[in-house]
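Data block below; observations after.
The values are calculated or read from the model by the stated rules, or taken from the named source; none is laboratory data. Note that the structure is a prediction, hence the values are computed from the model and not measured. Neighbour counts are summed over all protein chains in view; Cβ atoms, including those assigned to glycine, are modelled from backbone coordinates with ideal geometry.
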Amino acid sequence: MVNYDPYIKLYSAIVISFTCGIHWAFNILNDDENDSKLLIVSIIVALIAWVINIFGLGRIGFATEAVLFVYLLFVDFKLRYYSSIDYPSWFFNLRLIASIVVILSLSYLTYYQNPINLPQ
C-alpha cells in the first residue's frame, strides 16, 4: 500500500507558502497600510510548514498544518474586514471554502492516520 502522507504534507506546505506570498503581495501593493509584522509572520508560517514537511512528524505534522491554515484564514478575515487593503470579496469567499475543506481534511488525517511506528 502506498503511503501518501509525505505528498499531502508537501502539497500543504506549497499551498501555505503560496498563501503567505499572497499576503505579502496584498501588503506590499497597498500604499496606505504597510504592516511589517504581517510580512515577518508570513515568513515564519511558511518556514514552519516547510520544517514540518522536511521532518515528517506524522500526526503532529497534519495537526500543525491544519492550525496554520486556520491562522491564514484568520489573516484573510482581518485583511478583508479590518484593513484598508483592497481585498476582493470573491477571493475571500474562495479562500474560505478552500480553507474549510483543507482544515477538515487535515483534521481527519490527524485523527485517523495510522499510529507512527517507532523503533523499539
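Key figures
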read-out	value
Members of region 37-60 found to be in contact with a Leu (Cβ under 9 Å, 6 or more places away or on another chain) and more than 14 Å from VAL15 (Cβ to Cβ), listed by number	LEU38, VAL51, ARG59
Residue within region 34-44 that is surrounded by 13 or more Cβ atoms within 10 Å (Cβ to Cβ), of a type in the set (D, E, K, R) and modelled with pLDDT of 85 or more present	no
Top-ranked residue in region 4-32 [being among the β-branched types (Val, Ile, Thr) and at pLDDT 85 or above; ranked as surrounded by the fewest Cβ atoms within 10 Å (Cβ to Cβ)]	ILE14
Search result, residues across region 71-92 that are under 23 Å from TYR108 (Cα atoms) and surrounded by fewer than 16 Cβ atoms within 10 Å (Cβ to Cβ)	TYR71, PHE74
